[in-house]
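The values are calculated or read from the model by the stated rules, or taken from the named source; none is laboratory data. Model, not experiment: these values are computed from the prediction. Cβ coordinates were reconstructed from backbone atoms using ideal geometry, including for glycine residues, and neighbour counts include every protein chain displayed.
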Amino acid sequence: MREPRNLNIRRTRLMYFISDHVNDEVISPKEISDWVFPDFLENKNLEDLHERLAKPQKNTLLHSFIFNLTDFTNDYVIKKAVEVECDYFRTLISNADLTIPSWLNENEVSHHKGELSNTCKTALRVILPSVFHILFSDRIFLFEFQQRIAKYVKTLTMEQYPRLLKADGVVHRSTYYPSWLQRAIFYRDQGRCQLCFCEISGLSSPNIKVHLDHMVPLAAGGSNDPTNFQLACESCNTSKGKRELVSPARFEPYW
């Protein structure tokens, strides 16, 4: 049987290390400082930020944050202590199935900092889907991530961004949720409302209505980025209003 083309490798050797680093900077910034997230949102390289706040995009804000933070950290290490971190860079490059340069050793690497930085960027793009996969599965992390984004959204005014906002600090509700987003949220949340955890897969009843709920409501500075959605039943979604409600994921034990 031919292997499906869209399967990604779970690059477990490195993805937990990077995802922990990203989690720390979102939940409780320690390694660098609390300016990391605001700086990310104001980064001139994030030119389509407002488009992604307004409309679900496959290239989510979390994708960009993972890449920007890890790339910044890698470049910082390359600049300050590259000779003592050769093992880390070899692991990164090998996990991306790239050839490890012959000069990547403590005696020669200091003469190839620019080349190493570019190679790490290439490797990170390969690793990125694996890291995103594990973080996207954690709705508590996503909620915290969106709360950080909401702080930025609340500073925006209608006078500045009339097409983006319906009121100061409030993004317009997206009028269209693409099928790829609906499928992703449905399978991640296993066909259960993430507020009351009732089964809403439709297997038991053809009349169940499935809703995509904004974890951080638009009225509270939430966005239409895919990382701000969870599955909800009609009753929970319509009664939630402007409240911010999120619960840890639940699962049935394998045995």
Residue count for the range 97-128, restricted to those that are among the aliphatic types (A, V, I, L, M), assigned to a loop (DSSP other than H, G, I, E, B) and touching a Leu at 6+ places or on another chain (Cβ under 8 Å): 1
Pairs with Cβ under 6 Å, 6+ apart, first in the range 177-203 and farther than 19 Å from Arg250 by Cβ, second in a loop (DSSP other than H, G, I, E, B) and of a type in the set (A, V, I, L, M, F, W, C): Gly202/Ile208
Flag for Thr155 being closer than 23 Å to Gly222 by Cβ, surrounded by fewer than 19 Cβ atoms within 10 Å (Cβ to Cβ), polar (S, T, N, Q) and at pLDDT below 95: yes
Filter result (among the charged types (D, E, K, R), closer than 21 Å to Asn228 by Cα and part of a loop (DSSP other than H, G, I, E, B)) within the range 149-168: Lys154, Arg163, Asp168
Residue count for the range 49-72, restricted to those that are surrounded by fewer than 17 Cβ atoms within 10 Å (Cβ to Cβ) and more than 13 Å from Leu128 (Cβ to Cβ): 2
Tyr177 touching a Pro at 6+ places or on another chain (Cβ under 7 Å), at negative phi and of a type in the set (Ser, Thr, Tyr): yes
Of all residues in the range 96-111 being touching a Ser or Thr at 6+ places or on another chain (Cβ under 9 Å) and surrounded by 14 or more Cβ atoms within 10 Å (Cβ to Cβ), the one that is nearest to Val77 (Cα to Cα): Leu104
Selection status of Lys79, surrounded by fewer than 11 Cβ atoms within 10 Å (Cβ to Cβ), in contact with a helix residue (DSSP H, G or I) (Cβ under 8 Å, 6 or more places away or on another chain), at pLDDT 90 or above and charged (D, E, K, R): yes
